[in-house]
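Taking it in order: structure first as structure tokens, then the write-up.
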């Protein structure tokens, strides 16, 4: 038995490298997975409350990554429009949207254990039943776990901006990923992106406008944080940014 009672805390102290090593298959028979490069390790700290929720609450909401398409009806126990949530941070936005829209199902994707524990804690406390969580790289989840035309929508709120020029290639919103995501949307489905980095906002706009399967629902950026099925609620993080004078750019595109 390990002498460390908090393995996630141990992994977090090493910037998630313990988890990356396990995924690589070193020292065992686990198949080697692609090294995840589209996000940084800055949110690797895990509190003890998040650790407890990760262990206690997360299993009831977890959908394992298998590399095969999921059966959403079986995962949620019903038929409902499916919305993908990519990179939910601490889960405040995802939990609030799910509570406000019980008629929708949400598949939430995150790689940081702290955020997963935080969202699972919120879902358990508020008894939210229409969210499932995948702990894996969003690029591979979209590519391997979702069938073409299976999504009613996708939310990508405040993805890692990778502000340094040499890191821009790591940004999630690029032509290849957007083409795959657009293919997974049903006709009339939407993708709703938001960022508080102006340069990234402009890049998002160019990439989304360049995808022939998508059309902009607005002339440029969206005037409000609303999409065809729901809305992006204001959070404490957003309110703090507004007080500091930080702008937020929303983009809402529809699958044609």
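The values are calculated or read from the model by the stated rules, or taken from the named source; none is laboratory data. Everything numeric here is computed off the predicted structure, so don't read it as measured data. No Cβ is skipped: glycine too gets one built from the backbone with ideal geometry, and neighbour counts run over all protein chains shown.
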| remark: Inside the range 73-91, the number of residues satisfying the requirement of being buried (at least 18 other Cβ atoms within 10 Å of the Cβ) and at negative phi is 8
| request: For the range 75-92, enumerate the residues that are assigned to a helix (DSSP H, G or I) and either touching a helix residue (DSSP H, G or I) at 6+ places or on another chain (Cβ under 9 Å) or farther than 13 Å from residue 131 by Cα (or both). | output: 92
| request: Specify the residue that is farthest from residue 187 (Cα to Cα); the eligible residues are those in the range 239-249 that are touching a helix residue (DSSP H, G or I) at 6+ places or on another chain (Cβ under 9 Å) and surrounded by 15 or more Cβ atoms within 10 Å (Cβ to Cβ). | output: 248
| task | Could you pull out the residue among 27, 42 that is at pLDDT below 95, on the phi > 0 side of the Ramachandran plot and part of a loop (DSSP other than H, G, I, E, B)? | result | 27
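Please pick out the residue among 159, 175, 163 that is farther than 17 Å from residue 221 by Cβ and at pLDDT below 95. Spell out how you get there, then give the answer.
Values: 159 fails: farther than 17 Å from residue 221 by Cβ; 175 fails: at pLDDT below 95.
Just a single option satisfies the conditions, and that option is 163.
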| note | Per the filter on the range 155-175, residues surrounded by fewer than 22 Cβ atoms within 10 Å (Cβ to Cβ), within 17 Å of the chain's Cα centre (by Cα) and not in a loop (DSSP other than H, G, I, E, B) are 170
| field | Filter result for the condition that a residue is in contact (Cβ under 8 Å) with a residue 24 or more places away in the chain, under 19 Å from residue 49 (Cβ atoms) and in contact with a strand residue (DSSP E or B) (Cβ under 6 Å, 6 or more places away or on another chain), over 107, 123 | value | 123
| query | Which of the residues that make up the range 193-208 are surrounded by fewer than 20 Cβ atoms within 10 Å (Cβ to Cβ), part of a helix (DSSP H, G or I) and touching a residue at least 40 places away in the same chain (Cβ under 8 Å)? | reply | 198, 205
| query | Looking only at the range 126-144, which residues are farther than 14 Å from residue 62 by Cα and in contact with a strand residue (DSSP E or B) (Cβ under 9 Å, 6 or more places away or on another chain)? | reply | 137, 138, 142
| note | Only unsatisfied item for residue 148, checking (1) over 29 Å from residue 74 (Cα atoms); (2) part of a loop (DSSP other than H, G, I, E, B), is (1)
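Name the residues in the range 93-116 that are assigned to a loop (DSSP other than H, G, I, E, B) and within 22 Å of residue 74 (Cα to Cα), would you?
Result: 101, 102, 103, 104.
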